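Trainee: Following this message is one structure expressed as structure tokens.
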Amino acid sequence: MAKNGNNKKKKKIIIFSALGALLVIVIIAVVIGSGKDEVIVVQTEKVERRTVTQVVEATGKIQPQTQVKINAEVSGEIIELPVEEGDAVRKGQLLVRIKPDQYAAQRDQAIANLNRMKAMLVQREADFRKVESEYKRQQELYKKGLISESDVESGKSIYEIAKANVDAARFDVQNAAASLSRTREDLAKTAIYSPIDGVVTQRISKLGERVSGSSFTQGTEIMTVSDLSVMEARVEVNENDVVLISIGDTARIDIDAYPDQIFIGTVHQIANTATTTGLGTQEEVTNFEVRLIVDALDKEFRPGMSSSAKIRTETRPNVITAPLQSVTTREKKERSEEVDEDEEFADVQIEGVTDREPVTREKPQEVVFVVREGLARKIPVTTGISSDAFIEIREGLDVGDEVVKGSYRAISRELNDSSAVRVDNKLSQRRMFSN
């Protein structure tokens, strides 16, 4: 019995000893493992020479280059409206006729008033000739001493009044003629003709409606006539990108109505004035309108179609390039602890007074990570223009360098100089195919 008890005790001791040894081994392995650097899985790509084309992307609408809004310039009822929306019209074709009766009556009244002013002028001129003759006779009599000086002065006053009446009558004739011209112009405005060859792309008013118009305010909009032979894409470009665009730059234009076709456009106008949305809010955006003539080929565009443009602003052939996502920014000096107040400010002596001002911070530098012997090396670079996939490297890299292009988290956060890495380019391919 005692022997069996001793055996059980020995077994328990052996079991607990083994467990203790195993626990020690695990603890040692954890400690040793924690002391090693974490290996970061990355994807890489070789640096190559390529042709880089800088592209500015923008969205907007398709519109005719020439578009005329037809507004009423006189008030009245529409009595003729011979065109419908979608009709093709020629320059000089009647589009609208407004009831002209009122304006015809005003013209006739102006004609009568002009004739009356002309008759008045004839009468005043006849009176003037009579007074002028009498004044000359008085002057001759005064020279012969037959009348007094006061009689001559009286005749002179009558002469000057008659002459002034003639001038006034002439001015009345001119005023009446101007009024007649204005009424004739108003009468002519009751008939509106197309100023261009084009298509009625919008008709707002209807037959029988009353429209208003004047010489001082914009009248009722009746319709829009557009020249659809020359179309343009009007896109909104961010203020940071518009400075890159020049007149004559070409663009690839996608139009939603034609999803399987790419159109070519040319920049012909850049707005000088910005359009701002969300003014005074966190969503405030400042854009500039850029207009591109679109080579429509045989396609039929309609005003208002949605479009997006990729404007090619600059092309540089045979330059050293790296993947766009490979370039990130890092502080020039890594700091592990906060800068104390004495380092944060510098003393400045101004006119005997010591002041304190903040030390100027250096801007972050652009860097890439190059894989060398299983380690990531941080390389400062100088960049140039970029496309949607690659960026020009002016300084810092050579052809053949293996740069890290993924993952985004590794490039932006995890990698540091001398970080241990493992290259797995198949991972990026698997992700691409899975997407």
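Trainee: Taking region 405-435 as the region of interest, how many residues are assigned to a loop (DSSP other than H, G, I, E, B), at pLDDT 65 or above and not charged (D, E, K, R)?
Mentor: 4
Trainee: Still on this structure: Would you mind telling me which numbered condition in (1) surrounded by 15 or more Cβ atoms within 10 Å (Cβ to Cβ); (2) at pLDDT 90 or above Ile247 fails?
Mentor: (1)
Trainee: Further question: At pLDDT below 90, farther than 20 Å from Glu209 by Cα and in contact with a Phe, Trp or Tyr (Cβ under 9 Å, 6 or more places away or on another chain): does that describe Gly155? Before you say what the answer is, go through the steps one by one.
Mentor: Working: at pLDDT below 90: yes; farther than 20 Å from Glu209 by Cα: yes; in contact with a Phe, Trp or Tyr (Cβ under 9 Å, 6 or more places away or on another chain): yes.
Yes.
Trainee: Among what's in region 193-209 and is aliphatic (A, V, I, L, M) and not in a strand (DSSP E or B), pick the residue that is surrounded by the fewest Cβ atoms within 10 Å (Cβ to Cβ). Even if it seems obvious, please write down each step before you answer.
Mentor: Kept after step one, since they are aliphatic (A, V, I, L, M), are these residues of region 193-209: 196, 199-200, 204, 207.
From the residues that got through so far, the ones that are not in a strand (DSSP E or B) too are 196, 204, 207.
Working: Ile196: 15, Ile204: 14, Leu207: 11.
The selected residue is Leu207.
Trainee: If you check Tyr103 against the conditions, is it within 30 Å of Ser214 (Cβ to Cβ) and of a type in the set (Phe, Trp, Tyr)? So that I can check it myself, show each step before the final result.
Mentor: On the way: within 30 Å of Ser214 (Cβ to Cβ): yes; of a type in the set (Phe, Trp, Tyr): yes.
Criteria met by Tyr103.
Trainee: Inside region 262-291, can you point out the residues that are assigned to a loop (DSSP other than H, G, I, E, B) and either charged (D, E, K, R) or at pLDDT 90 or above (or both)? Explain how you work it out, then say what you get.
Mentor: Let us first name the residues in region 262-291 that are assigned to a loop (DSSP other than H, G, I, E, B), namely 271-274, 278-284.
Scanning region 262-291 gives Ala271, Asn272, Thr273, Ala274, Glu283, Glu284.
Trainee: A further question on this structure: Do we have Val267 as crowded, with 16+ Cβ neighbours inside 10 Å, out of contact with any Cys (no Cβ under 7 Å at 6 or more places or on another chain), over 20 Å from Gln67 (Cβ atoms) and touching a residue at least 24 places away in the same chain (Cβ under 8 Å) here?
Mentor: Working: crowded, with 16+ Cβ neighbours inside 10 Å: yes; out of contact with any Cys (no Cβ under 7 Å at 6 or more places or on another chain): yes; over 20 Å from Gln67 (Cβ atoms): no; touching a residue at least 24 places away in the same chain (Cβ under 8 Å): yes.
No: the conditions fail for Val267.
Trainee: Within region 145-190, can you find the residues that are in a loop (DSSP other than H, G, I, E, B) and either surrounded by 12 or more Cβ atoms within 10 Å (Cβ to Cβ) or aliphatic (A, V, I, L, M) (or both)? First the steps, then the outcome.
Mentor: As a first pass, look at region 145-190 and keep what is in a loop (DSSP other than H, G, I, E, B): 145-148, 189-190.
Scanning region 145-190 gives Leu146, Ile147, Lys189, Thr190.
Trainee: For region 270-292, what are the residues that are surrounded by fewer than 17 Cβ atoms within 10 Å (Cβ to Cβ) and either of a type in the set (A, V, I, L, M, F, W, C) or in contact with a strand residue (DSSP E or B) (Cβ under 7 Å, 6 or more places away or on another chain) (or both)?
Mentor: If the condition is that a residue be surrounded by fewer than 17 Cβ atoms within 10 Å (Cβ to Cβ) and either of a type in the set (A, V, I, L, M, F, W, C) or in contact with a strand residue (DSSP E or B) (Cβ under 7 Å, 6 or more places away or on another chain) (or both), then Ile270, Ala271, Ala274, Thr275, Thr276, Thr277, Gly278, Leu279, Glu284, Val285, Thr286 are the ones that fit.
Trainee: Among the residues of region 341-362, is any at pLDDT 90 or above, farther than 25 Å from Val243 by Cα and either among the basic types (Lys, Arg) or not in a strand (DSSP E or B) (or both)? Before you say what the answer is, go through the steps one by one.
Mentor: To start, the set of residues in region 341-362 that are at pLDDT 90 or above comprises none.
There is no residue in region 341-362 that is at pLDDT 90 or above, farther than 25 Å from Val243 by Cα and either among the basic types (Lys, Arg) or not in a strand (DSSP E or B) (or both).
Trainee: Could you grab the pairs with beta carbons closer than 9 Å, sequence gap of 6+ or different chains, first residue in region 179-206 and farther than 17 Å from Thr220 by Cβ, second one crowded, with 17+ Cβ neighbours inside 10 Å and basic (Lys, Arg)?
Mentor: Close Cβ pairs satisfying both conditions: Leu180/Arg107; Thr183/Arg107; Arg184/Arg107; Leu187/Arg107.
Trainee: Something else now. Without any contact (Cβ under 8 Å) to a residue 40 or more places away in the chain and either out of contact with any Cys (no Cβ under 9 Å at 6 or more places or on another chain) or under 16 Å from Ala178 (Cα atoms) (or both), is that true of Asp108?
Mentor: Details: without any contact (Cβ under 8 Å) to a residue 40 or more places away in the chain: yes; either out of contact with any Cys (no Cβ under 9 Å at 6 or more places or on another chain) or under 16 Å from Ala178 (Cα atoms) (or both): yes.
So Asp108 passes the test.
Trainee: Another question, then. Looking at the structure I just gave you, is Gln54 out of contact with any Phe, Trp or Tyr (no Cβ under 8 Å at 6 or more places or on another chain) and within 22 Å of Ser307 (Cα to Cα)? Can you show your working first?
Mentor: On the way: out of contact with any Phe, Trp or Tyr (no Cβ under 8 Å at 6 or more places or on another chain): yes; within 22 Å of Ser307 (Cα to Cα): yes.
Yes: the conditions hold for Gln54.
Trainee: Follow-up. Would you confirm whether any residue within region 278-287 is of a type in the set (Asp, Glu) and closer than 30 Å to Val370 by Cα?
Mentor: Just the residues of region 278-287 that are of a type in the set (Asp, Glu), to begin with: 283-284.
Next cut, closer than 30 Å to Val370 by Cα only: none.
No: region 278-287 contains no residue that is of a type in the set (Asp, Glu) and closer than 30 Å to Val370 by Cα.
Trainee: Considering region 210-237 alone, what residues qualify as being of a type in the set (S, T, N, Q), surrounded by 14 or more Cβ atoms within 10 Å (Cβ to Cβ) and assigned to a strand (DSSP E or B)?
Mentor: Thr224, Ser226
The values are calculated or read from the model by the stated rules, or taken from the named source; none is laboratory data. Fair warning: this is a prediction, and the values are worked out from it, not measured in the lab. Don't worry about glycine lacking a Cβ; one is built from the backbone with ideal geometry, like all the others, and counts go over all protein chains shown.
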